[in-house]
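Visitor: Let me begin by handing over the structure; questions about it come next.
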């Protein structure tokens, strides 16, 4: 079973920041938080990952709480192309087995 | 750098037949994982190969099998196809390894299999 809990769906206005929450209360010390997204009928796309520090790349920012029991993915300026299902995953860094949950379906509204 | 490629992209088979899907990882990547995606079950892990050895396995029947070649290319085979095997089959590659830094997986576009 997936070790994360995410809202089923969210809406965000185009141009605004999209904040996607994820709970992973049973995360272990050697598990990273990963985010992927899947645009309709395409393969999942890697977005960002982190262990305990906040991370930022050209696509998004990842904020991890100090106790590591939850995190938030931030898309700073959402566009219509960001409409997708977003998956939050925890996995041991050396393990390529990914257990996907249901993810959050993000709708960007024009 | 070229991405993960999967062939064929679309496939229609009949119940009882077998099928072989192919995946070419990103150059230099040694790990290939396979996933099945259906509307009902979502994305499910099938198995992972690293350096021609199966390293991880999901909860699928023995009809689902795979292998990896010395050039890291991988194939998965499904024998005695059932209607429920209709799905999008995705493969993902990563550098692999047994520790050190974390790394991400890169997914291919998938093979859509329809069983009639």
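The values are calculated or read from the model by the stated rules, or taken from the named source; none is laboratory data. Everything numeric here is computed off the predicted structure, so don't read it as measured data. Please note: Cβ atoms are built from the backbone with ideal geometry, for glycine as well, and neighbour counts cover all protein chains shown.
Visitor: Quick test for you: out of B:42, B:108, pick the one residue that is under 10 Å from the mean Cα position of the chain (by Cα), closer than 27 Å to residue A:88 by Cα and within 14 Å of another protein chain (Cβ to nearest Cβ).
Guide: B:108
Visitor: Let me ask something else. Against the definition (exposed (fewer than 14 other Cβ atoms within 10 Å of the Cβ) and touching a residue at least 60 places away in the same chain (Cβ under 8 Å)), how does residue A:106 come out, yes or no?
Guide: Criteria not met by residue A:106.
Visitor: Which one of these does residue B:26 not meet: (1) more than 11 Å from chain A (Cβ to nearest Cβ); (2) farther than 15 Å from residue B:7 by Cα; (3) part of a loop (DSSP other than H, G, I, E, B)?
Guide: All conditions are met except number (2).
Visitor: Report, by residue number, each residue of region B:20-39 that is surrounded by fewer than 18 Cβ atoms within 10 Å (Cβ to Cβ) and closer than 18 Å to residue B:62 by Cα.
Guide: Result: B:20, single match.
Visitor: Among the residues of region A:88-102, write down those that are more than 8 Å from chain B (Cβ to nearest Cβ) and under 14 Å from the mean Cα position of the chain (by Cα).
Guide: Once the filter is applied, which keeps residues that are more than 8 Å from chain B (Cβ to nearest Cβ) and under 14 Å from the mean Cα position of the chain (by Cα), region A:88-102 yields A:88, A:89, A:90, A:91.
Visitor: Kindly establish whether residue B:15 is modelled with pLDDT of 95 or more, more than 8 Å from chain A (Cβ to nearest Cβ) and closer than 17 Å to residue A:96 by Cβ.
Guide: In short, no.
Visitor: Sticking with this one: Residue A:66: away from chain B (no Cβ under 13 Å) and at negative phi, yes or no?
Guide: Against the criterion (away from chain B (no Cβ under 13 Å) and at negative phi), residue A:66 qualifies.
Visitor: Let me ask another. Can you tell me how many residues within region A:12-35 are under 26 Å from residue B:38 (Cβ atoms) and touching a residue at least 60 places away in the same chain (Cβ under 8 Å)?
Guide: 4
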